[in-house]
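Everything on this sheet refers to the single structure shown next.
The values are calculated or read from the model by the stated rules, or taken from the named source; none is laboratory data. Nothing here was measured: the structure is a model prediction, and the numbers come from that model. With ideal geometry, Cβ positions are generated from the backbone for all residues, glycine too; neighbour counts draw on all protein chains shown. Remember, those area values only see protein heavy atoms, side chains included, never the ligands or the DNA or RNA. Shrake-Rupley method; radii C 1.70, N 1.55, O 1.52, S 1.80 Å.
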Amino acid sequence: MRKMLLGFAAAALAGAAIAAWWLGNGPEDKVEIAAMDTANPHQTKPGMTAVAATLKILPRPLPGSLDAPDLWADYKRRFISPQGRVIDTANGGISHSESQGYGLLLAVAADDRPAFDLIRSWTIANLDVRDDGLAAWRWEPRAPHVRDTNNATDGDLLIAWALAEAGRHWNDTALRSEAIARAGALRRLAFQDSSGRPMLLPGASGFSADERPDGPVVNPSYWVFPAFPVLAALDGGPDQSVDWSGLRESGLALLANSRFGRQDLPAEWVALGRGTPRPADGFPPLFGYNAVRIPLYLAWAGPSERQQLAPFAAAWSQRTPEVVDLVTGQVGDPLADRGYRAIADLVSCAMDGTPMPKDVLLPSDEPYYPATLRALALIAVKQRYPECW
């Protein structure tokens, strides 16, 4: 698997603030939730809920942030079927919960309700085949279309995030309710590591401590950091499905402790079952196509993650990410498509304010995955770093 704002109603009541944002504020509001105690981010003041601590809302809204109509039109033409299936053109023409989630996010960012509705309808009709609210991770063009009903947690996160953003932007209570339900379904994937930090399994089957000698196994690229504040606001209060604030902190700690090899890069699949995190058994010990999303999500989440971006900036001095064997240090395939290089450009923007190259806006013939990453990098710049234009 290559997978998975807040307006203040009262400054003293974070729960009320969450409700005020979700129910009342408009899409142009630019409010952040600050940590109650920056020296101890898990310490809250009386009357404040832990969900508010440490989560920073993006300063600009998602809708309208894909300000590249030619790029979006080309993306729809090449990757989205008339029925709403988002097609992975370099992977046998399959679709998956990841592609559908990304498609939904891009449609919201482009303020394209018809495209959003098509993608959502196809997702419900074809991937919602499980009985627990999670989406099957893979759909193949030849029948039987769904041969593996396991989920991919990043896909479920992306879908829930997109639904939450869409429900708020288009003031659609049905979309908000669906987002809440999908966020709630992720509860069954939550566990605590040996330090008591909240974690999410990358899939419902095959990754737990009961199923693997080195388990549990996680995938750091499934920590979709910019989604967590939105899902925290939607799924807030003492009965929240997932500790979204804690999940953010656990993801940052995981990345800090999962750097391998002389390039100091994270592995795609990390085993937690033997004390110190290590590359998981049975998976190539690579930084590659999964992990290239990690700096995207870190930079998108905000400049507070600048230190976490430093190894990527050092490794990508030539602006081209590469697949790296973290055991031997051998560099493999260069990730040369424009979309991969857009992530390197985003890292440079986040680290030192380097302007984004203008060719990032031009349509190209790259396949689905780098084309998607390029659009997401554009959104991240528009939401978080407009000074880089």
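Details
- Summed residue charge, Cβ within 12 Å of residue 354's Cβ, Lys/Arg positive, Asp/Glu negative: -2
- Extension gain (nm, one decimal) between residue 330 and residue 89, 0.36 nm per residue minus Cα-Cα: 84.0 nm
- Computed from the C-beta positions of residue 318 and residue 142, the FRET efficiency with R₀ = 35 Å rounds to 0.30.
- All C-alpha pair distances within the range 312-360, sorted into 10 Å bins from zero, spread as 26, 52, 19, 3 percent across the bins.
- Here the translational diffusion coefficient of the range 223-284 follows from Stokes-Einstein with Rh set to the Kirkwood radius across Cα pairs; for 10 °C and 1.306 mPa s it amounts to 120 µm²/s.
- The residues of the range 61-191 expose on average 37 square angstrom of accessible surface per residue, using a 1.4 Å probe on protein heavy atoms.
- Distance in nm between pseudo-label sites at residue 307 and residue 262 (7 Å out along the Cβ direction from Cα): 2.6
- Charge sum, other residues only, whose C-beta stays under 12 Å from residue 206's C-beta, Lys/Arg counted +1 and Asp/Glu -1: -2
- Overall form of the range 323-389 per C-alpha gyration tensor (a/c, 1.5; a/b vs b/c): oblate
- Residue-normalised accessible area of the range 256-389, expressed per residue, 1.4 Å probe, Å²: 38
- Cα coordinate range in the range 139-253, projected on the principal axes (Å, largest first): 47, 43, 22
- The range 194-240 - Rg over Rh from alpha carbon coordinates, Kirkwood radius: 1.05
- Separation of the range 63-107 and the range 335-389, taken as the distance between their Cα centroids, equals 16 angstrom.
- As a fraction of the 1.4 Å probe accessible area of the range 153-234, surface on carbon and sulfur atoms comes out at 47 percent.
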